[in-house]
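Structure first, commentary second.
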Amino acid sequence: MKNNFIYFLFSPFIGFIQALNHNKKDWAKNSVWLFVIFYGFTMCHPEIMDSSRTIARLQELYNTPLSWDVFIVNFYNADTGIIDVYEPLVTYFLSLFTESGNILFAVFGIVYGYFYSRNIWLLLDLAKEVKRNKLFWLLLISFSCVIGFWNLNGVRMWTAAQVFFYGGFLYLVHGNKKGLLIAISSVLIHFSFVLPVGVLLIYTFIKIPWRFLYFVFIASFFISSLNVEAVRNLLESNLPEVLLPRVQSYTSDEYVEVINELNSRGNWYVGFYGQSLSWYLVALFTIIYFSKLKNSAYDKSFSNLFGFSLLFLSVGNITSLLPSGGRYLIIAQLFGMAVLFFYFVVYPDKRYIKWATLFSPLLVFFIIVSIRTSFDTITLLTVFGNPILAVIFDTPIPLIDLIK
């Protein structure tokens, strides 16, 4: 605990790096947690990103206060469309004291950083006696980058993702029933986690054989189009009325056009780096499937995680064809990378190591682009500052300004 605060006061970023170097120490995970909180306080909030709109809501509530009774009736109201609980509540309570976006995202960082750091150590705890070689670090860093600490910018979706993974992993791997409740609670952070929770419940109560799941996964990888209008009509005819405004906004023709326009403006590598991770997962999942399919060495923990990941990745591949549906694929990829890490540290399969190393350039590319995208919100203070300097100098200069 002492090391946490020494690093935090001197340089949270150095504390983050040292936590990875000394990941077997008790203080390490909390040092990562503290760094994410510090990142939340010092991050940049570009106008086009979700965080700027969240701060605008905070400032509006601060300057035009609402009574608790008025605020609470907005929840689950078809007129207001507010169906998430976590972000509006935190924003409302903080608006009673401050309009500072720095403080708001530092508070968001408390929850996000806790689950982000714990998810990394869920994997590290599987590998206490494993030699830390290059492939070990490549797999772990890739996992950490799938939904990195910089995704705090989209606080609702990606906090829910971290919570869902934490609960899902505890439930699938450790058989902890509290994990299922934690995973279900992600719906309170972002309503769209009804789908991931539904997939987890389906996998729990319907025993689907690996063989079927694997070939569905492969087939889903090659699906190239989906009728958005048909999906929209299906959802509108089956979902509760309170969810309809949000669903309609995410599947409207106007929203589709906006997403397509944004995608067309992006650099080529932004669209390709996610695909590179998908290809890596397909290749390595295939190696796992055919290497020891009938081997009794696979325990229930690995079987549960592998089977669920196959199902979730299949769903993610299909939903990625819808506007904003690619976010489900990203969450599924988090589970997929956990499978690859689990297999590497638990099962001594030389053939797997050979192929994992051969395809490793795909992961290197994924990590490089992931870190590059983080430069839009990571600031000079995040890397070179500390809490004292961050309070004195409120100059959120993003790292991307240094390389443009």
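The values are calculated or read from the model by the stated rules, or taken from the named source; none is laboratory data. Remember, predicted model here, so these are calculated numbers, not experimental data. Cβ coordinates were reconstructed from backbone atoms using ideal geometry, including for glycine residues, and neighbour counts include every protein chain displayed. Areas reflect the complete protein model, heavy atoms only, side chains present, ligands, DNA and RNA absent. Shrake-Rupley method; radii C 1.70, N 1.55, O 1.52, S 1.80 Å.
None of E129, E99, E87 is among the acidic types (D, E) and under 30 Å from S360 (Cα atoms) except E129.
Contact annotation: residue pairs with Cβ atoms under 6 Å, 6 or more positions apart or on different chains, pairing a residue in segment 148-160 that is closer than 16 Å to S186 by Cα with a partner that is of a type in the set (D, E) and assigned to a helix (DSSP H, G or I), are G154/D50; V155/E87; R156/E87.
Take the residues in segment 181-205 that are over 24 Å from I318 (Cβ atoms) and not β-branched (V, I, T); name whichever of them is least open to solvent (accessible area, probe 1.4 Å). For segment 181-205, the residue satisfying everything is S185.
Quick one: which helices (runs of 4 or more DSSP H) sit completely within segment 28-128 and have at least 3 residues that are of a type in the set (A, V, I, L, M, F, W, C), in contact with a Pro (Cβ under 8 Å, 6 or more places away or on another chain) and at pLDDT 90 or above?
Details: elements: 28-42, 50-63, 68-72, 86-95, 101-124.
Here the list reads 28-42.
The residue of segment 304-323 that is nearest to the chain's Cα centre (by Cα), among those that are open to solvent by 30 Å² or more (accessible area, probe 1.4 Å) and at pLDDT below 90, is S320. Of all residues in segment 123-142, those satisfying the criterion of being open to solvent by 20 Å² or more (accessible area, probe 1.4 Å) and more than 20 Å from L277 (Cα to Cα) are D125, L126, K128, E129, V130, K131, R132, N133. Within segment 158-167, is there a residue that is more than 25 Å from P398 (Cβ to Cβ), modelled with pLDDT of 95 or more and not hydrophobic (A, V, I, L, M, F, W, C)? Yes, that holds for at least one residue.
Can you find, within segment 93-116, the residue that is most open to solvent (accessible area, probe 1.4 Å) among those that are in contact (Cβ under 8 Å) with a residue 12 or more places away in the chain and farther than 24 Å from P396 by Cα? In this case the residue turns out to be L96. Looking only at residues of segment 39-57 that are buried (at least 22 other Cβ atoms within 10 Å of the Cβ) and either of a type in the set (D, E) or within 16 Å of S95 (Cβ to Cβ) (or both), we find that the one that is nearest to the chain's Cα centre (by Cα) is S51.
Mind listing whichever residues of segment 133-149 are in a loop (DSSP other than H, G, I, E, B) and either in contact with a Leu (Cβ under 9 Å, 6 or more places away or on another chain) or closer than 18 Å to Y112 by Cα (or both)?
Initial filter on segment 133-149 (in a loop (DSSP other than H, G, I, E, B)): 133, 147-148.
Answer for segment 133-149, where residues must be in a loop (DSSP other than H, G, I, E, B) and either in contact with a Leu (Cβ under 9 Å, 6 or more places away or on another chain) or closer than 18 Å to Y112 by Cα (or both): I147, G148.
Scanning segment 362-377 for residues that are among the charged types (D, E, K, R) and out of contact with any strand residue (DSSP E or B) (no Cβ under 6 Å at 6 or more places or on another chain) yields one hit, R372.
Considering segment 169-180, and only residues there that are free of Cβ contacts under 8 Å to residues at least 40 places away in the same chain, open to solvent by 40 Å² or more (accessible area, probe 1.4 Å) and in a helix (DSSP H, G or I), the residue that is farthest from S117 (Cα to Cα) turns out to be K177.
Is it fair to say L362 is over 30 Å from F41 (Cα atoms), at pLDDT 90 or above and more than 17 Å from the chain's Cα centre (by Cα)? Before the answer, list the steps.
On the way: over 30 Å from F41 (Cα atoms): yes; at pLDDT 90 or above: yes; more than 17 Å from the chain's Cα centre (by Cα): yes.
Answer is yes for this residue.
Listed here are the helices (runs of 4 or more DSSP H) enclosed by segment 326-400 that have at least 2 residues being hydroxyl-bearing (S, T, Y) and crowded, with 16+ Cβ neighbours inside 10 Å: 326-346, 360-374.
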